[in-house]
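The values are calculated or read from the model by the stated rules, or taken from the named source; none is laboratory data. Model, not experiment: these values are computed from the prediction. When we count neighbours, we look across all protein chains shown, and the Cβ atoms used for this are built from the backbone with ideal geometry, even at glycine.
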Amino acid sequence: MREVVCALLILLPGAAAAQPDIVQLSGLLTLQSFYGPPNYGEEPETDSVEIVPILELDQPTDLSVMSDARDGNRSTRTYSDVTRIELAAPIDLHISGFLGHKLIVEGVLFSAFTGHHHTDVLMDVQKIVSDQQ
């Protein structure tokens, strides 16, 4: 089992800018469907469906995500045995062209914070390092 540590910083006015950790993770890129607004699955007949890219990790991985809370208290949350993460990628990466491929992706990890996030840990993808097919 691997352990990866990442930082996500929320800066307060006047705070010094620090760069979050960039990590690499590998796995199979899939698309998965989840219920969305207005009721996120409580009323499937009226809820929208969100289709999101998911990286199915090669092996269960412990991930520690550090963040600065709005009140300035730094916290770390560890997620054990993570097997999949939702990918947030800019359109210019054309990530959908890699569906069904084994990838190494590089980016910044962050914890889910809205109903539109469907895994505990997400990655803000900065680049696709390798397409392992």
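Are any of the residues in the stretch 124-133 more than 28 Å from PRO37 (Cβ to Cβ), in contact with a Leu (Cβ under 7 Å, 6 or more places away or on another chain), small (Gly, Ala, Ser) and touching a residue at least 24 places away in the same chain (Cβ under 8 Å)? Checking the stretch 124-133: at least one residue is more than 28 Å from PRO37 (Cβ to Cβ), in contact with a Leu (Cβ under 7 Å, 6 or more places away or on another chain), small (Gly, Ala, Ser) and touching a residue at least 24 places away in the same chain (Cβ under 8 Å).
Pick from the stretch 61-96 the residues that are among the charged types (D, E, K, R) and either assigned to a strand (DSSP E or B) or surrounded by 12 or more Cβ atoms within 10 Å (Cβ to Cβ) (or both): which of them is modelled with the lowest pLDDT? Filtering first and then ranking leaves ASP68. The set of residues from the stretch 73-94 being in contact (Cβ under 8 Å) with a residue 12 or more places away in the chain and either farther than 16 Å from LEU57 by Cα or of a type in the set (Ser, Thr, Tyr) (or both) comprises THR76, ARG77, THR78, TYR79, SER80, THR83, ALA89, PRO90, LEU93. Return a yes/no flag: does the stretch 113-133 have any residue that is of a type in the set (S, T, N, Q), more than 21 Å from SER75 (Cα to Cα) and in contact with an Asp or Glu (Cβ under 6 Å, 6 or more places away or on another chain). Checked against the condition, which is being of a type in the set (S, T, N, Q), more than 21 Å from SER75 (Cα to Cα) and in contact with an Asp or Glu (Cβ under 6 Å, 6 or more places away or on another chain), the stretch 113-133 yields at least one hit.
When the stretch 34-60 is filtered for residues that are touching a Ser or Thr at 6+ places or on another chain (Cβ under 6 Å) and closer than 11 Å to HIS116 by Cα, the ones remaining, listed by number, are GLY36, PRO37, VAL49, ILE51.
Taking the stretch 25-42 as the range and being among the small types (Gly, Ala, Ser), modelled with pLDDT under 95 and either in a strand (DSSP E or B) or within 10 Å of GLU56 (Cα to Cα) (or both) as the test, only SER33 passes. Looking only at the stretch 97-112, filter to residues that are over 8 Å from the mean Cα position of the chain (by Cα) and not in a strand (DSSP E or B); which one of those is surrounded by the most Cβ atoms within 10 Å (Cβ to Cβ)? Per the criteria, the residue is PHE98.
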